[in-house]
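Down below is the structure, laid out as structure tokens.
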There are 2 protein chains.
Amino acid sequence: TVAAPVMAQSALPSLKWKLASSFPKSLDTLFNAIETVAQHVKTATGGRFEIQLFAAGEIVPSAAVLDAVKDGTVEMGQSASYYYVGKDPAFAFDCAVPFGLNSRQQSAWMWSGGGLELMRDLFKDYNIHNIPCGNTGVQMGGWFRKEIKTVADMKGLKMRIAGIAGQVMGKLGVVGQQMGPADIYPALEKGTIDAVEWVGPYDDEKFGFNRVAKYYYYPGFWEAGPQLSIYINLKKWNELPKEYQQALEDACAFAHVQMQADYDVKNVAALRRLVAGGTKLKEFPKEVMVAAQAATLQLYEEFSAKYPRFKKIYGPWKKFRDDEYLWFKVAERAYDSFVFSQSSRR
Amino acid sequence: TVAAPVMAQSALPSLKWKLASSFPKSLDTLFNAIETVAQHVKTATGGRFEIQLFAAGEIVPSAAVLDAVKDGTVEMGQSASYYYVGKDPAFAFDCAVPFGLNSRQQSAWMWSGGGLELMRDLFKDYNIHNIPCGNTGVQMGGWFRKEIKTVADMKGLKMRIAGIAGQVMGKLGVVGQQMGPADIYPALEKGTIDAVEWVGPYDDEKFGFNRVAKYYYYPGFWEAGPQLSIYINLKKWNELPKEYQQALEDACAFAHVQMQADYDVKNVAALRRLVAGGTKLKEFPKEVMVAAQAATLQLYEEFSAKYPRFKKIYGPWKKFRDDEYLWFKVAERAYDSFVFSQSSRR
């Protein structure tokens, strides 16, 4: 005999939603996040709430995900919010800004530092409910065909780099180039560009950049803790039963931890292979870092004068950043620098 | 009119479970995690799955939570698994071991590095299903009445420090003392003990240790990324509908991110207040760190010879740790050390 239910169930709808991603399936660390979200939500709702996943280009192009969710073309999206700085540079705070927060600090800002409220206030105007869902950690500075020893070496360099980072690089004399994933490798091979930044060892290795550029620089100071986000059409979100909203929010939190964990594991083996294959790992000279930071702060003042939304978020964000740096430079820095310096490079 | 449900609901039971915590409500950053879990699970299950929370001592004492879940006295528990090193030192890997993983690396090990499988294999023998749920980040090294300049200054020091960390300290000549929260302050005030380690600025401030000890050392090298865990009686877990299992697992992930975020925010203001009140912030001398690390590695060899469970986990854990240090010393270290050094102490 089957046990009778203890109480009658309230009526929950069957839903089948579409999610458009800004990423191809080949970037599995990113795509896996939405596979996790879809699977967890389905399980938590007894199969009633299904989310169909579409890779970049299947329904809309990579950079059109925000508009597709806003307009209701799809109910959900997965994207990196700094793709939309053309609409408003304030979107970058939802992902990464140059010389910003590292992965853990970004999560602290979103979950406990008032960041999520500020970002939701922005996204609301675009008819979207946003949920943080993953982070890559500090990215690499990218692949360079020539060694960078001084700021002067950056001048005239043609580099594939987009968004606000491209504007910062522009102030150092770099000629930023925007191009889709498929065009980068040939351009670097032919010498049409001199440098390219993408993500980190695991993702970069797939493109084979190491075969046409010898120097692999770090850190990617424009992406210290890039957060990925899930977008939900605000009207659709508000129509969801509370049960489904909660299942979705918590599934995103699981995928949030999962993505950072996956990057922290997969990047190690990839980095080992790259170095074994002859890639020269190089730290950006301090002179370059100092000049880039100065250019960044100048750019933020320009943005603040021009974009009210950016200014509104930049004030509290800056205070939060300074607070986090103060705290992390105590125990976290002391511990990490001791154990890392004691561990030998293999 | 009310829309009819699209499909019939399957029968889900109403449940009311008890959760015993190892922590008092006053440690709100820790207790908040289970309040979040209970609230999210309730919402995701339409109110059907309720979890009642009990603070340390209400049903069972702080260090008896594991046994209470194992024996089915309560369905669930919240604890720090290193409280149970007396049963098997291998339990410490589920929380923190001296000179271990930092917060993000601990999550990487659990979610993507095989750690969760290894720990579940251990907990299964105690009739428990464990889920990671929160982390404090690198803790502080604690409050000292006298300045520590050399390893010799540690000799004969009476310090409230428990578990494996106490054994490491013992190798440096420290006389470890175990005592409950209520006894620590009076003991430090009277000089019965010379030093105490607890958590970090936010939690420590509540005890008022700063009023009776002047020096606040960092980093707590024995707790680089202490993870908290939720325990579920294995039989009860297996009886849960898949929907409830998923809701619980994902709610724990949300609370996992939330706790680290809360510590990263709340510790800043507390540290500022402590320093403004006269607390002297001090980094452990490198000599002490080096001696403690050597003592730790020696202890792990002793454990490996004596405890098969410890040995089984220590091997892959050690390889994982070395891999993570290798990766983090590239972009993460370079970024953090640049931005932290550029930010001025306020």
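Points worth noting:
- Here is the figure for segment B:212-235: residues that are at pLDDT 95 or above and more than 28 Å from B:Val290 (Cα to Cα) total 7.
- Put simply, of B:Met159, B:Met154, B:Met179 the only residue that is touching a strand residue (DSSP E or B) at 6+ places or on another chain (Cβ under 8 Å) and at pLDDT 95 or above is B:Met159.
- Evaluation of B:Leu271 against (1) closer than 30 Å to A:Phe340 by Cα; (2) more than 7 Å from chain A (Cβ to nearest Cβ); (3) in contact (Cβ under 8 Å) with a residue 40 or more places away in the chain (one fails), failing number: (2)
- For segment A:326-340, a residue qualifies if it is out of contact with any Pro (no Cβ under 6 Å at 6 or more places or on another chain) and either more than 8 Å from every other protein chain (Cβ to nearest Cβ) or not small (Gly, Ala, Ser) (or both), and the qualifying residues are A:Leu326, A:Trp327, A:Phe328, A:Lys329, A:Val330, A:Glu332, A:Arg333, A:Asp336, A:Phe338, A:Val339, A:Phe340.
- Annotation: of all residues in segment A:108-117 being surrounded by fewer than 23 Cβ atoms within 10 Å (Cβ to Cβ) and of a type outside the set (S, T, N, Q), the one that is nearest to the other protein chains (Cβ to nearest Cβ) is A:Trp111.
- Filter result for B:Gln293 (in contact (Cβ under 8 Å) with a residue 40 or more places away in the chain, facing chain A (nearest Cβ under 10 Å) and of a type outside the set (D, E, K, R)): yes
- Top-ranked residue in segment B:229-244 [being more than 14 Å from every other protein chain (Cβ to nearest Cβ) and of a type in the set (A, V, I, L, M); ranked as nearest to the chain's Cα centre (by Cα)]: B:Ile232
- Among the residues of segment A:214-228, those that are assigned to a loop (DSSP other than H, G, I, E, B) and either crowded, with 21+ Cβ neighbours inside 10 Å or of a type in the set (S, T, N, Q) (or both) comprise A:Pro219, A:Gly220, A:Phe221, A:Trp222, A:Glu223, A:Ala224, A:Gly225, A:Pro226.
- Selection within segment A:309-325 - surrounded by fewer than 19 Cβ atoms within 10 Å (Cβ to Cβ) and within 8 Å of chain B (Cβ to nearest Cβ): A:Asp322
- The helices (runs of 4 or more DSSP H) found wholly in segment A:264-346 and carrying at least 3 residues that are closer than 30 Å to A:Lys124 by Cα occupy A:286-306, A:308-328.
- Scanning segment A:296-308 for residues that are open to solvent by less than 10 Å² (accessible area, probe 1.4 Å) and either among the aliphatic types (A, V, I, L, M) or within 14 Å of chain B (Cβ to nearest Cβ) (or both) gives A:Thr296, A:Leu299.
- Flag if B:Glu58 is at pLDDT 95 or above, among the acidic types (Asp, Glu) and in a loop (DSSP other than H, G, I, E, B): yes
- Hits in segment B:132-164 (condition: among the aliphatic types (A, V, I, L, M), in contact with an Asp or Glu (Cβ under 7 Å, 6 or more places away or on another chain) and open to solvent by 10 Å² or more (accessible area, probe 1.4 Å)): B:Val151, B:Leu157
- Any hit, segment B:255-265, residues being without any contact (Cβ under 8 Å) to a residue 12 or more places away in the chain, open to solvent by 30 Å² or more (accessible area, probe 1.4 Å) and within 7 Å of chain A (Cβ to nearest Cβ): yes
The values are calculated or read from the model by the stated rules, or taken from the named source; none is laboratory data. Since the model is a prediction, treat every value here as computed from it, not as a measurement. Cβ sites come from the backbone with ideal geometry, for glycine too, and all protein chains shown count toward neighbours. Each accessible area value is taken on the protein alone, full model and side chains, heavy atoms only, with ligands, DNA and RNA left out. Shrake-Rupley method; radii C 1.70, N 1.55, O 1.52, S 1.80 Å.
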